[in-house]
Amino acid sequence: MDTLKDKFISKAKPMAAEVKAIIKEHGDKKLGEYTVAQVYQGMKSMIGLVTETSKLDPDEGIRFRGYTIPELRDKLPKAPKGTEPLPEGIFYLMLSGELPTQEDVLGLGNNWARRAIVPKHVFDVLDELPAATHPMTMFSIAVMAMQTESLFAAAYRKGISKKDYWDYVYEDSMNLIARLPRVAAYIYRKKYKNNVHIEPDPKLDWAANLAHMMGYEDLDVRRLMRMYMTIHADHEGGNVSAHSTHLVGSALSDPYLAFAAGMNGLAGPLHGLANQEVIMWIMHMREELGGGLPTKEQIAAFIKKTLEEGKVVPGYGHAVLRKTDPRFTAQQDFYNRYIKGAGKKDDICEIVQMVYEVAPPILAETGKIKNPWPNVDAHSGALLMHFGITEFDFYTVLFGVSRALGVLASLVWDRALGSPIERPGSVTTEGIKKKIGIPAV
Ligand code: HAX
């Protein structure tokens, strides 16, 4: 018997009911600038961060330095004969604020290639982990194992001036970004391809090299990887992975420590892990229905069942967005252009389109889900599945490699702007009750 546990839940249950009632009856009341509901419910819409790299509009979606995703798919430099942007370009844009030329992205790609050697001990650490370790845990552990290489940590230990922080954080960030594709591919091949590894090809760009090291040489997979790495790179500053990286970095923890924190946040099912959850949810539905393409009625029934069971419908909803995520639309366009448009149909991708037709009105009908529209994760797994990357536990690692571009560009900016340690205030429920005039019982 655990008496402390019993005591805890005997206090927590009534308190949770009380908090729910406070939000319902007094949620609109102000605590300074903000409402009681905002303080209890994840600080939604509070502006408390400065992020230079991108800005999210609830109705329009993300803009990277002012450019929308369709604009970037058009304007960013591409590989020779390529049709999708090179992610080198979005990093260049986020860091410098300027659209790169073809020469700029080539220079950046070469710069990363020179930094791409992963120290052997990182692989040794991965090799020692239990076989059942989730790929995201492996990814985070690998980043932590690479922290031995931090130039910022070494320089800080020796003693450096505040005005030079950005320089070491820039070097660490560039090294980390350069090495992540190798780390991700190593995890993939170790876990799913009999631990047989593939060396990088120095002639390939950053995203194509990742596909190559994972074992995929198809030009369409390169194309997909370039788009995937571009559209997942950043989503302004308040999302869990960006905010965690910024927060931990604000303590002057080096980029390896800060990025690993961000990845631990990305590994949550309400954030990046949703891409794996979506595929598991679709597989589960197919299994229950005996395989093949379900009807719209069957999909509607499965969505309702998911809600009745008190679970979320993965890939739908967003803390900020109030319309279909343009990252979803870009992937839908990819499917229509390069898969369906090439005469190849795909059941899982088709199910994704059907869920898009069926889910929003059902979710809206609940009256409580603020955004019934799909987010980025509703589509990404289906495209990977189409090209034979069926190991859905791995999907969030790919998201993580891409997310490094945005959160590390922001970290360099944080140190260049001299951002201080982050330390928001907090309040107790007793304090809230006093402030808004609820009498003590
Ligand atoms: N299915 C079922 N219920 C949902 C829902 C969904 N897709 N989206 C929101 N809700 C529920 C919430 O759980 C909440 O319920 P309670 O009041 O009982 O707690 C209620 O609707 C209000 O939530 P909200 O204000 O609309 O949404 P939040 O800002 O609290 O949460 C989430 C945003 C993205 C976490 C949420 O929509 C969700 O859980 N979606 C499914 C998981 C998912 O796709 N996550 C990926 C999001 C994008 C991302 O970060 N990618 O990496």
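Conditions (1) in contact with an Asp or Glu (Cβ under 7 Å, 6 or more places away or on another chain); (2) farther than 20 Å from residue 60 by Cβ, marked per residue:
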{"position": "306", "(1), (2)": "no, yes"}
{"position": "309", "(1), (2)": "no, yes"}
{"position": "327", "(1), (2)": "no, no"}
{"position": "338", "(1), (2)": "yes, yes"}
{"position": "343", "(1), (2)": "no, yes"}
{"position": "350", "(1), (2)": "no, yes"}
{"position": "366", "(1), (2)": "no, yes"}
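Taken as a whole, the condition of being within 15 Å of the ligand (Cβ to nearest atom), free of Cβ contacts under 8 Å to residues at least 60 places away in the same chain and open to solvent by 60 Å² or more (accessible area, probe 1.4 Å) does not apply to residue 307. Picking from residues in the range 316-331 that are closer than 19 Å to residue 69 by Cα and either assigned to a loop (DSSP other than H, G, I, E, B) or open to solvent by 40 Å² or more (accessible area, probe 1.4 Å) (or both), the one that is nearest to the ligand (Cβ to nearest atom) is 318.
Each residue in the range 91-146 was checked for being touching a Leu at 6+ places or on another chain (Cβ under 6 Å) and among the polar types (S, T, N, Q), and 0 pass. Exactly one residue among 362, 348 is over 30 Å from residue 31 (Cβ atoms), touching a Lys or Arg at 6+ places or on another chain (Cβ under 8 Å) and surrounded by 15 or more Cβ atoms within 10 Å (Cβ to Cβ), and that residue is 362.
One line per residue, one yes/no per condition, for (1) more than 16 Å from the ligand (Cβ to nearest atom); (2) open to solvent by less than 30 Å² (accessible area, probe 1.4 Å):
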| position | (1), (2) |
| --- | --- |
| 166 | yes, no |
| 201 | yes, no |
| 222 | yes, no |
| 231 | no, yes |
| 240 | no, no |
| 252 | yes, no |
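Flag: residue 32 matches the condition of being closer than 18 Å to residue 426 by Cβ, open to solvent by 50 Å² or more (accessible area, probe 1.4 Å) and at pLDDT below 95. In the range 391-411, the residue that is nearest to the chain's Cα centre (by Cα) out of those that are farther than 30 Å from residue 164 by Cα and within 11 Å of the ligand (Cβ to nearest atom) is 399.
Please verify whether the range 2-16 includes one or more residues that are surrounded by 12 or more Cβ atoms within 10 Å (Cβ to Cβ), in a helix (DSSP H, G or I) and of a type outside the set (A, V, I, L, M). Checking the range 2-16: not a single residue is surrounded by 12 or more Cβ atoms within 10 Å (Cβ to Cβ), in a helix (DSSP H, G or I) and of a type outside the set (A, V, I, L, M).
Only residues that are under 26 Å from the mean Cα position of the chain (by Cα) and free of Cβ contacts under 8 Å to residues at least 24 places away in the same chain were counted across the range 412-441, and they come to 1. Taking each residue of the range 230-242 that is in contact (Cβ under 8 Å) with a residue 12 or more places away in the chain and at positive phi and looking for partners that are away from the ligand (no atom under 12 Å from the Cβ) and open to solvent by 10 Å² or more (accessible area, probe 1.4 Å) with beta-carbon atoms closer than 8 Å, six or more apart or interchain, yields 236/51; 236/55. Let me spell it out: the conditions are (1) within 12 Å of the chain's Cα centre (by Cα); (2) of a type outside the set (Ser, Thr, Tyr); (3) crowded, with 22+ Cβ neighbours inside 10 Å, and residue 268 meets all of them except one. Which number is the exception? Answer for residue 268: the failing condition is (3).
The single condition among (1) touching a residue at least 40 places away in the same chain (Cβ under 8 Å); (2) more than 16 Å from the ligand (Cβ to nearest atom); (3) within 30 Å of residue 38 (Cβ to Cβ); (4) open to solvent by 10 Å² or more (accessible area, probe 1.4 Å) that residue 258 does not satisfy is (4). Annotation: of all residues in the range 347-390 being part of a loop (DSSP other than H, G, I, E, B) and of a type in the set (Val, Ile, Thr), the one that is farthest from the ligand (Cβ to nearest atom) is 390. Here residue 424 clears all of (1) outside any helix (DSSP H, G or I); (2) crowded, with 17+ Cβ neighbours inside 10 Å; (3) not aliphatic (A, V, I, L, M) except the condition numbered (2).
From the set of residues in the range 64-77 that are surrounded by fewer than 18 Cβ atoms within 10 Å (Cβ to Cβ) and without any contact (Cβ under 8 Å) to a residue 60 or more places away in the chain, which is nearest to residue 102 (Cα to Cα)?
First, the residues of the range 64-77 that are surrounded by fewer than 18 Cβ atoms within 10 Å (Cβ to Cβ): 66, 68, 70-71, 74-75.
Then keep just the ones that are without any contact (Cβ under 8 Å) to a residue 60 or more places away in the chain; that gives 66, 71, 74-75.
Numbers: 66: 20, 71: 16, 74: 13, 75: 11 Å.
Among those that are surrounded by fewer than 18 Cβ atoms within 10 Å (Cβ to Cβ) and without any contact (Cβ under 8 Å) to a residue 60 or more places away in the chain, it is 75.
Checking the structure you have, find out if any residue of the range 386-394 is among the polar types (S, T, N, Q) and either open to solvent by less than 30 Å² (accessible area, probe 1.4 Å) or in contact with an Asp or Glu (Cβ under 7 Å, 6 or more places away or on another chain) (or both). No, because not a single residue in the range 386-394 is among the polar types (S, T, N, Q) and either open to solvent by less than 30 Å² (accessible area, probe 1.4 Å) or in contact with an Asp or Glu (Cβ under 7 Å, 6 or more places away or on another chain) (or both). When residue 287 is tested against (1) acidic (Asp, Glu); (2) within 16 Å of the ligand (Cβ to nearest atom); (3) open to solvent by 10 Å² or more (accessible area, probe 1.4 Å), exactly one condition is not met: (2).
The values are calculated or read from the model by the stated rules, or taken from the named source; none is laboratory data. From a predicted model like this one, the values you see are computed outputs, not experimental measurements. With ideal geometry, Cβ positions are generated from the backbone for all residues, glycine too; neighbour counts draw on all protein chains shown. Keep in mind that these areas ignore ligands, DNA and RNA; they rest on the heavy atoms of the full protein, side chains included. Shrake-Rupley method; radii C 1.70, N 1.55, O 1.52, S 1.80 Å.
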